[in-house]
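Only the coordinates and a few stated rules stand behind these numbers; no lab work does. Everything numeric in this text was worked out from a predicted model, so none of it was measured. Please note: Cβ atoms are built from the backbone with ideal geometry, for glycine as well, and neighbour counts cover all protein chains shown.
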Amino acid sequence: MRSTKAIIDLSAIQHNLKMVKQFAPKTQVMAVVKADAYGHGIVKVSQQIPESDAIAVACMDEAITLRNAGIQNEIILLEGFFSQNELRQVLEYNLQTVIHQESQLNDLIQISELKTKPKKLTLWLKVDSGMNRLGFELKEFSRVYHQLKNLPWVDSINLMSHLACADDINNPLTQSQVKRFNEITQLLDEPKSMANSAGVVAWPETHFNWVRPGIILYGCSPMIGLTGEHHQLKPAMTLQSKLFSIKQLNVGDTVGYGASWQAKQPTRIGVIAIGYGDGYPRHAKEGTPVLINGKLYPLVGKVSMDMITVDLGMQDEVALGTEAILWGKGLPVETVAQHADTIAYTLLCGVTSRVRFEWLDV
Ligand SMILES: Cc1ncc(COP(=O)(O)O)c(C=O)c1O
C-alpha cells in the first residue's frame, strides 16, 4: 500500500494551547479551528481542547459540523452570518457571531424570530483598525454600537479587530492598529480582542481580554523567519511517506519532468511517494529538505503529482521502504514553506484527501 500519511499529534496541540496560556496568562482563549483546523481535522482537534474558552470558525458549515459532533464549547463565527437564514441558524445552533457590516446589523434588527423568541445573542462587533478588510470604521462605530446595545435580544457585545502585519516585528502598522482600536473603544467597558497568533507571541499590548490563536496551536511560528521551536511549540502534523525506488545516475543524467536537474557526479536518486496530488507544494525548489533516517536530503528535479525525487548521494545506506518525513517532527513545515515561496498555513491546509490521516490520541 502507498504509505503516505499525515500523523496528527493531538497532545502537541494541547501542549501548544498551554503555551498560549503562558504567553497570554490573563486573557481568555478562542482557539481558531477554521479550515478543518488548518488541515488537522476540525472535530478531532476541537474534542481535545475543552480548556479553550471558545472555538472560532469561519463559516456556518464548520460550526454545524462541530455541533453535530457534540462539541459544547462556545463557537464564534469569525465572518458572521451570510444571510438571514444563517442568522436563524446562529440561534438554532447556539452560536456567537461577528458583526462586521451594515447588512448584518439590518438583519439583526429585522429578523422576526428574534422578536418572538426570548433568545439572547452574544455578538463580536468588529472594528476596522487598519486592515481594511472587514469591520466598521471609526465614523460608523458609535452609532452601530448603540443600535446593537438597544436591541433587547442582544445580551452582550465584545469588541474585536484583526491585525494585518503582526508577523513582522518591525512593521509599525501593528502599533497604529492598537492605537486606533483603543481610540475607538476605550470608553466602552466591553471585552476586547485583537491578537492572532503573532499578537499572542510578540505583541502583549494586543492581548486585551481574549486572544484568538490559530497557527501556533498547530505548532508553527507566526513570525517571519522563525519556526515553532523558537517559541517552544510542538509541530502537530507530520507528513510522511516512504522511499520506494532508487535510481543510479551518471554524470550528465537528468531527473524528472523538464529534465531540469542534472547530475554533476555519479549519484543515487531516491523516489518518494508524495507529490502535489497529496498537497506537497509543486513549487518547492531544488534543495528543499526531506528528512530520511534523521538526515536532510535535497529535493532535486520537479515535484510530480505522485512522486518527488531526492539526491541521496553515494555514501549513505538508505534502504528501499525507508520512511521520509516531508514536514513535521524534525523538519519544520515553515522551512519547507520558505523553500516553496509560501507560508506554513497553505501547506497545512493543502494536504489532500488521498493522504491517510492518523490521529495520535492524547
Ligand atoms: C479574525 C481572525 N482571528 C484570528 C485568526 C488566527 O490567525 P493565526 O492563525 O495567524 O493565529 C484568524 C485567521 O486568519 C482570523 O481570521
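Quick one: if you take sqrt(5λ) for each eigenvalue of the C-alpha gyration tensor of the chain, what semi-axes come out, biggest first, whole angstrom?
45, 21, 17
Projecting each Cα onto the charge dipole of the chain (Lys/Arg +1, Asp/Glu -1 at the beta carbon, about the Cα centre), which of 75, 171, 11 comes out farthest on the positive side?
Of the options given, the answer is 11.
Please go through the stretch 286-362 and write out the trypsin sites (Lys or Arg not before Pro) that DSSP classes as loop and that have at most 14 other C-beta atoms within 10 Å.
In loop regions of the stretch 286-362 (DSSP not H, G, I, E or B), the sparsely surrounded trypsin sites (Lys or Arg not before Pro) are 354.
Among 313, 220, 342, pick out the residue whose Cα is farthest towards the positive end of the charge dipole of the chain, where Lys and Arg carry +1 and Asp and Glu carry -1 on C-beta, about the Cα centre.
Among 313, 220, 342, the one farthest towards the positive end of the dipole of the chain is 313.
Highest first, please rank the peptides 222-228, 27-33 by the mean number of other Cβ atoms sitting within 10 Å of their residues.
Most protected by this proxy first, the peptides run 27-33, 222-228.
Just from its helices, what would the mean residue ellipticity at 222 nm be for the chain, if runs of 4 or more DSSP H residues each count -39500 (n - 2.57) and the sum is divided by every residue, rounded to the nearest 500 deg cm²/dmol?
-8000 deg cm²/dmol
Looking at the stretch 98-187, which GluC sites (Glu not before Pro) are in a loop (DSSP not H, G, I, E or B) and have at most 13 other Cβ atoms within 10 Å?
In loop regions of the stretch 98-187 (DSSP not H, G, I, E or B), the sparsely surrounded GluC sites (Glu not before Pro) are 137.
Calculate the dipole size of the stretch 11-222 relative to its Cα centre from +1 charges on Lys and Arg beta carbons and -1 charges on Asp and Glu beta carbons; express the result in debye to the nearest 20.
320 debye
Identify all lysines with a Cα-Cα distance to residue 242 below 21 Å; exclude those on the same chain that are fewer than 8 residues away in sequence.
5, 285, 295, 302, 329
Could you pull out the trypsin sites (Lys or Arg not before Pro) across the stretch 43-147 that fall in loop regions by DSSP (anything but H, G, I, E, B) with no more than 16 other Cβ atoms inside 10 Å?
Here the sparse-neighbourhood loop sites are 119, 120, 133.
Which lysines, on any chain, are close to residue 179 with Cα under 30 Å apart, when same-chain ones fewer than 8 places away are left out?
Cα-Cα hits under 30 Å: 18, 21, 26, 34, 126, 139, 149, 192.
Cα centroids of the stretch 91-161 and the stretch 1-71: how far apart, whole angstrom?
About 25 Å separates the Cα centre of the stretch 91-161 from the one of the stretch 1-71.
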